[in-house]
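Just below is one structure, and these are the notes that go with it.
The values are calculated or read from the model by the stated rules, or taken from the named source; none is laboratory data. If you're wondering where the values come from, they're calculated on a predicted model, not measured in any experiment. In this analysis, Cβ positions are derived from the backbone assuming ideal geometry, glycine residues included, and neighbour counts consider all displayed protein chains.
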Amino acid sequence: MITIEEFKKKQTTKSRLLGLDLGKKRIGVAICDEQQVIATPYKTIIKDNFDQFLNDLKLLIKDNNIGGIIVGNPINMDGSAGSSAQSVNDTVNLLSKNITLPIILWDERLSSVGAYKLTSLLDVKASKKMKSIDKNAAAFILQGAIDFLRN
């Protein structure tokens, strides 16, 4: 894994970034535009096993000109790392061994809350909110990272 500063140096123009909100079974995916300005919810992957997830991810990377991956880091509100953060770290380490793109962790505190509130403002029905919460959280994570990278 690399730092956000190293990640920024490795970015090229006209490539998209992939945002991931890793859960045990559901993985939210978001993709930004080639100018790296706007993150858009893309899909939710149901993870049955790591190999299937890796294959899905490689296909997304190939089909969408992805230049880097931002993964939500579920640290606790006090800044400490709990079991969820350790699980994400383990998954990212596995991804790093199988994908050559730069990958960074991005603080995802309150991303699910933010995604849920945003859908509430858009007057989305509760059943649709829950179906789209993972990909919306991924977009929330990715947008925070690309905003930071642009400054």
Looking at segment 134-148, I want the residues that are surrounded by 24 or more Cβ atoms within 10 Å (Cβ to Cβ) and have a partner that is among the acidic types (Asp, Glu) with Cβ atoms under 7 Å, at least 6 apart or on another chain. Which pairs are those?
Asp134/Asp21; Ala137/Asp21; Ala138/Asp21; Ile141/Asp21; Ile141/Glu108
Residues (more than 23 Å from Ala85 (Cβ to Cβ), touching a strand residue (DSSP E or B) at 6+ places or on another chain (Cβ under 8 Å) and modelled with pLDDT of 90 or more) located in segment 1-40
Arg16, Ile31, Cys32, Asp33, Glu34, Gln36, Ile38, Thr40
Looking at segment 1-57, which of its residues are part of a strand (DSSP E or B) and of a type in the set (D, E, K, R)?
Arg16, Asp21, Arg26, Lys43
I need the full set of residues from segment 17-62 which are surrounded by 19 or more Cβ atoms within 10 Å (Cβ to Cβ) and among the charged types (D, E, K, R), in order please.
Asp21
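Can you find even one residue in segment 71-93 that is part of a loop (DSSP other than H, G, I, E, B) and in contact with a Pro (Cβ under 8 Å, 6 or more places away or on another chain)?
Yes, that holds for at least one residue.
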